[in-house]
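Here the structure comes first, spelled out in structure tokens, and everything after it is commentary.
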Amino acid sequence: MIHYFIGGDQEDFRQASIAWVQDGTQSKVDFMMGFIEVYSDYLGNVGSWESYVQIVDPETTKVSQLLAKSAQYFENKMPYGPWKKVFPDNYAPPALMAYYFQEIAEMRSGGYNLPNFDDIRRDVGFKNIIRLPLPGETENPERKAILTELYQSFGVPARAEHLLEKQRKARLVLVLLHEIIGHGSGTYDTTLYGPKEDPISALAVAGGSALEEQRADLAALVFAADPKLVEVGLYPSLEEAIVVRNAMYDLYLIDFLRVIARDHSLAEAHMRGHWLLIKQLMDQGAVAWVDPVNPTGMPIPSNQVLAVKDYEGFWKVCNQLLSDLQSIKANRQTEKLEALFRVQAPLSEIDADWAQAIIQRGENLKVNSESFEQSWVIDAQLGFLTVSDTSLEGIARSWTKLGYDRQANGSSSCMPGSLCFN
């Protein structure tokens with residue numbers, strides 16, 4: 001990796017990626033960094049800098065490993081036609097549940113699946129890293145208030161409390177299936193690609209990154225209530241699985257509107273894929289604009305929200321689009337992919353009345369305000385110290401009290417017994 005950063009030879013990065021995959025789950029502390037993925041540039045030319053340092057949680061990792069071992073089960077049920085993978089016996093790609101430090105463009109990721117070299121994924125393997133919430137994060141009253149405001153603003157207020165209760169499990173299942181099952185699934189016609197050519201990079205200008213991220217999301221949306229998830233321990237019962245899946249569908253729509261309000265754009269890779277799905281859901285009648293307070297009333301841009309009208313219909317649209325995207329990837333159908341996004345999910349729609357109304361309504365949402373992610377420090381005895389006030393001003397005060405103080409000349413001084421950084 002050092003050689004790669006010094007000389008810029010991609011082969012050095014490939015070799016580092018192979019070593020990283022081969023390390024599997026052996027390291028208690030793991031990392032990955034580089035200009036790795038393409039998110040914000042819809043033309044696929046500008047990569048995003050990413051760096052992760054993760055601390056593996058061995059107990060929760062057991063559940064993710066059980067899911068990884070079930071890859072062939074899910075592959076057999078994929079709507080991929082001839083493009084299904086046959087995994088080797090005892091196939092179980094590393095799937096780490098981890099707390100991690102992160103730097104990745106403007107995003108706060110819930111997990112990742114790397115490396116992106118498809119021949120390495122095919123011949124050596126890949127790793128799934130799933131982010132765990134920080135201790136106490138999900139019970140933080142401030143966080144609950146922020147999410148409640150979001151669900152009441154961009155969802156049906158009557159369901160806000162229910163969604164708050166199911167949000168953590170819905171998010172966990174979505175990310176686990178997206179990274180472990182979605183990205184790891186499917187094969188393609190190797191004669192249409194070079195021996196070391198990554199299909200997503202080859203399809204980049206047509207929307208390859210958006211295709212891949214949405215393909216993984218669709219796998220999660222399709223299998224979110226599969227009985228296998230009860231078997232591996234993610235749900236206590238199939239009934240609960242269906243309840244969480246339906247909440248996941250509701251939350252998916254809310255998050256789509258939230259990100260529009262934050263980014264004022266549909267161009268980021270994940271959002272392009274989400275917009276493609278949601279447009280098809282609306283066209284098929286599974287999702288519609290509604291008045292959140294009066295479901296029988298006439299919705300208008302200033303108050304309307306997207307709501308699921310048919311949960312099983314939602315599932316069917318996801319299943320069909322998953323099949324279509326896999327076929328495009330497998331057959332290197334560049335023109336078809338470009339036309340799919342251009343015609344069915346145009347970026348110019350951000351100028352439509354509904355999108356501009358969402359942007360205006362979301363201007364003051366706390367969930368989209370600036371945040372400081374590392375609201376904690378570790379002392380010299382490896383004690384984990386959290387701070388209560390997570391505003392930027394509060395963080396500054398708390399870090400001073402906990403032992404970190406930056407002097408006017410730019411140097412730092414630390415209280416005895418504290419671990420501090422310049």
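Before moving on, here are some points about what is shown:
- Residue match in region 245-256 (condition: among the charged types (D, E, K, R), in the same structural domain as residue 356 (by TED's automatic domain parsing), farther than 20 Å from residue 159 by Cβ and crowded, with 22+ Cβ neighbours inside 10 Å): no
- Selection of region 266-292 for residues being within 20 Å of residue 305 (Cβ to Cβ) and of a type in the set (Gly, Ala, Ser) yields 285, 286, 288.
- The residue of region 208-230 that is surrounded by the fewest Cβ atoms within 10 Å (Cβ to Cβ), among those that are in a helix (DSSP H, G or I) and without any contact (Cβ under 8 Å) to a residue 24 or more places away in the chain, is 227.
- Test: residue 125 is buried (at least 16 other Cβ atoms within 10 Å of the Cβ) and either part of a loop (DSSP other than H, G, I, E, B) or not assigned by TED's automatic domain parsing to the domain that holds residue 69 (or both): yes
- Among residues of region 180-197 that are over 14 Å from residue 219 (Cβ atoms), those with a Cβ under 9 angstrom from a residue that is of a type in the set (Ser, Thr, Tyr) and surrounded by 13 or more Cβ atoms within 10 Å (Cβ to Cβ), sequence gap 6+ or separate chain, pair up as 187/80.
- Where residue 159 falls short, out of the listed (1) under 20 Å from the mean Cα position of the chain (by Cα); (2) of a type outside the set (Gly, Ala, Ser); (3) assigned to a helix (DSSP H, G or I): (1)
- Of the criteria (1) farther than 26 Å from residue 314 by Cβ; (2) modelled with pLDDT of 90 or more; (3) not in a helix (DSSP H, G or I), which one residue 196 fails: (2)
- Flag for residue 194 being over 28 Å from residue 150 (Cβ atoms) and surrounded by 22 or more Cβ atoms within 10 Å (Cβ to Cβ): no
- Taking helices (runs of 4 or more DSSP H) as the structural unit, no element lying wholly within region 1-96 holds at least 2 residues that are in contact with a Gly (Cβ under 6 Å, 6 or more places away or on another chain) and surrounded by fewer than 14 Cβ atoms within 10 Å (Cβ to Cβ).
Residues checked against (1) within 27 Å of residue 211 (Cβ to Cβ); (2) among the hydrophobic types (A, V, I, L, M, F, W, C); (3) at pLDDT below 85; (4) not assigned by TED's automatic domain parsing to the domain that holds residue 229:
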{"site": "7", "(1), (2), (3), (4)": "no, no, no, no"}
{"site": "20", "(1), (2), (3), (4)": "yes, yes, no, no"}
{"site": "30", "(1), (2), (3), (4)": "no, no, no, no"}
{"site": "33", "(1), (2), (3), (4)": "yes, yes, no, no"}
{"site": "39", "(1), (2), (3), (4)": "yes, no, yes, no"}
{"site": "49", "(1), (2), (3), (4)": "yes, yes, yes, no"}
{"site": "63", "(1), (2), (3), (4)": "no, yes, yes, no"}
{"site": "108", "(1), (2), (3), (4)": "yes, no, yes, no"}
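- Given (1) closer than 19 Å to residue 168 by Cβ; (2) of a type in the set (A, V, I, L, M, F, W, C); (3) out of contact with any strand residue (DSSP E or B) (no Cβ under 9 Å at 6 or more places or on another chain), number of the condition residue 92 does not satisfy: (1)
- Residue in region 326-338 that is more than 17 Å from residue 204 (Cβ to Cβ) and either assigned by TED's automatic domain parsing to the domain that holds residue 207 or in contact (Cβ under 8 Å) with a residue 12 or more places away in the chain (or both) present: yes
- Of all residues making up region 134-149, the number that are within 29 Å of residue 183 (Cα to Cα) and touching a Leu at 6+ places or on another chain (Cβ under 9 Å): 1
- Every test in (1) closer than 21 Å to residue 249 by Cα; (2) without any contact (Cβ under 8 Å) to a residue 24 or more places away in the chain is passed by residue 139 save one, and that test is (1).
The values are calculated or read from the model by the stated rules, or taken from the named source; none is laboratory data. Predicted, not measured: the structure shown is a model, and the values here were computed from it. Neighbour counts are summed over all protein chains in view; Cβ atoms, including those assigned to glycine, are modelled from backbone coordinates with ideal geometry.
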